[in-house]
1. In what sequence, highest mean first, do 82-90, 12-20 appear when ranked by Cβ atoms within 10 angstrom?
2. Toward the positive end of the charge dipole of the chain, about the Cα centre and with charges on Cβ (Lys, Arg +1; Asp, Glu -1), which of Gly101, Asn11, Asn158 goes farthest?
3. Between Leu50 and Asn11, what's the calculated FRET efficiency when r is the beta-carbon distance and R0 is 30 Å? Round to 0.05.
4. Equivalent ellipsoid semi-axes for the chain, as square roots of 5 times the alpha carbon gyration tensor eigenvalues: give them largest first, rounded to whole Å.
5. Hey, can you rank 33-42, 55-64 by average C-beta count inside 10 Å, highest first?
6. So which lysines can Lys215 reach, going by Cα to Cα under 28 Å and dropping same-chain residues fewer than 8 places off?
7. Considering only region 3-224, what is the antiparallel percent among its DSSP beta bridges, to the nearest 5?
8. Using r as the Cβ-Cβ distance of Met1 and Lys113, and R0 as 22 Å, what FRET efficiency do you calculate, to the nearest 0.05?
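Values quoted throughout were computed directly from the atomic coordinates according to the rules given, and no laboratory measurement underlies them. In this text, all values refer to a predicted model and were calculated from it rather than measured experimentally. Counting neighbours? That spans all protein chains shown, and the Cβs are built from the backbone with ideal geometry, glycine included.
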Amino acid sequence: MLKIGNLELGNKICITAILDEFIPSDEVIEYKNEGVDILEMRIDCYDKPLDKVVHYLGEIRNKVSLPMIGTVRETNENRLMRPDIFRRIIPFVDCIDIELGSSISDEVLSVAKGKTVIVSEHDFKKTPPKTGLEDIVNRALKQGADIVKIATMANSRNDVRRLLKFTEECEFPMVTIAMGSTGTVSRVIAPLFNSLFTYGYITKPVAPGQLSVKKLLEERQLFFS
């Protein structure tokens, strides 16, 4: 059974709360009590020294006790530091998210043994055809993915349908998201098509069409309880 930390994936509709700033642990605990299953720590969004980031991760891990994904998207500021950032945060997280085709992937994965690995691809312009989606999965597998995350821009309802149908038929563990206003519905229903979990924001959206954690919790309670 695939896990992030102690959480077995595939047994329920899981909601991931995105922590893109230093949200107080007491507030994060409230979200846990309301039903959040996973935390994504968006390290690249924290405008803090790395020592303070590591201290914050330790605090959240000790006080909140939810599975944690460590994500460090490349920025102009962190480009040369990313391997060291990953190395410092890996002891505190249960899973890492690394971009498809990242030049530092081998280096990061070598120090992430025992952690669940998400290999992610984001296309902010379009949703590829089925062959393109298959290519993403195959490349992610070669890169060492335990989970393939695909987020694509939905320019039509057919884009949403194609992505969800592909997710349902894929034999490899996936998280899929149709971005943009047309794709917002996918953030609620994708788990019905075998997407392992969905993401919601706490303070502000970090991707087009993203819903808040509170909205996702309400929708799960309304439709899937």
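1. Per-residue Cβ counts within 10 Å, averaged per peptide and sorted highest first, yield 12-20, 82-90.
2. Of Gly101, Asn11, Asn158, it is Asn158.
3. 0.25
4. Numbers: eigenvalues 128, 92, 52 Å².
They are 25, 21, 16 Å, listed from largest to smallest.
5. Most protected by this proxy first, the peptides run 33-42, 55-64.
6. Within reach: Lys3, Lys12, Lys32, Lys63, Lys125, Lys126, Lys149, Lys165, Lys204.
7. On the way: 2 of 37 bridges.
That works out to approximately 5 percent antiparallel.
8. Values: r = 19 Å, r/R0 = 0.87.
Approximately 0.70, to the nearest 0.05.
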